[in-house]
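Working notes for the structure below.
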Amino acid sequence: MQIKKNPKANLENYSKLFMQLGLVLALLVVYLAIEKKTYDRVIADLGAATYNIEDDEQIVEIEQVKPPEQQAPPPPTPDKIEVVEDEKEVEETIIESTETDEKEAVKVKEIVNVEEEEEIMEDVPFAIIEDVPIFPGCKGSKAELKECLQDKITQHVNRKFNSELASDLGLAPGVKRIFVMFKIDKTGNITDVQARAPHKRLQDEAIRVVESLPKMIPGKQRGRPVGVKYSLPIAFKVE
């Protein structure tokens, strides 16, 4: 048996129309979603918070009580009242004029010169000492005595310093610098010897050598014997 269909009841004829309507509807929904505007949520002011006080609640008021002011006692009454006369004589002070006459001789008191002793430092650096300490055997002018002192100290250190310490200590090749500070005191003796070296043995050896310097004629400042501070750099070369 063959089934007969009504041509108007066949929906396949409207498929293209349905598809176009659906597409238009979808585009319309997307457009409306894009164009929709949103606003930030604004919370209105809630106002000041108030608290209700019940009528039956008791409120205690505290009043500050000021202490009573203490009145000062009246001054004591004098036993006897003296009457002072108004016509009491007052001695006037006479002020003499300080102006002098051109013809009047001016008397000048004797002027006494007071010599102030200049304070001299107890220890003076070698660079500013007036009269340098004199090493035994040095002679000549101040400049020659200064140069001779430096040469003699250098020769003494080169001769007395134990150069075999380099091999005993196993020092690396190079120049080891030793800085020595000492003082030639008022009597010409070597005191206050201090040294700084890269090794303790080198430091002790430098102190020993400097302390073995001979006694000298002390340096002078303003004609008075003073202590002289001397710095001696030593360059110990290790091969």
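Only protein heavy atoms count here; on that basis, with a 1.4 Å probe, Leu17 has an accessible area of about 90 Å². Put one equal scatterer on each alpha carbon of the stretch 160-222, apply the Debye formula with no solvent term, and list log10 I(q)/I(0) at q = 0.19, 0.22 1/Å to two decimals. For the requested q values the scattering log ratios are -0.74, -0.89. Other residues whose C-beta falls under 14 angstrom from the C-beta of Pro198 contribute a net charge of +4, scoring Lys and Arg +1 and Asp and Glu -1. Residues whose amide H comes within less than 5 Å of that of Ile234, counting only those at least five positions distant or on another chain, are Ile178, Phe179, Val180 (H built at 1.01 Å from N in the peptide plane).
Given R0 = 22 Å, the distance between the Cβ atoms of Arg159 and Val238 translates into a calculated FRET efficiency of 0.75. With the simple model of a label 7 Å out from the Cα in the direction of the Cβ, Arg224 to Glu122 spans 1.2 nm. One chain, two ends: Lys215 and Ala26. Fully extended at 0.36 nm per residue, the span grows by 56.3 nm beyond their Cα-Cα distance.
The values are calculated or read from the model by the stated rules, or taken from the named source; none is laboratory data. Note that the structure is predicted; figures quoted are calculated from it, not measured. Here the Cβ is made from the backbone with ideal geometry for all residues, glycine too, and neighbour counts use every protein chain on show. Side chains are part of the model used for accessible areas, which takes the heavy atoms of the whole protein and leaves out ligands, DNA and RNA. Shrake-Rupley method; radii C 1.70, N 1.55, O 1.52, S 1.80 Å.
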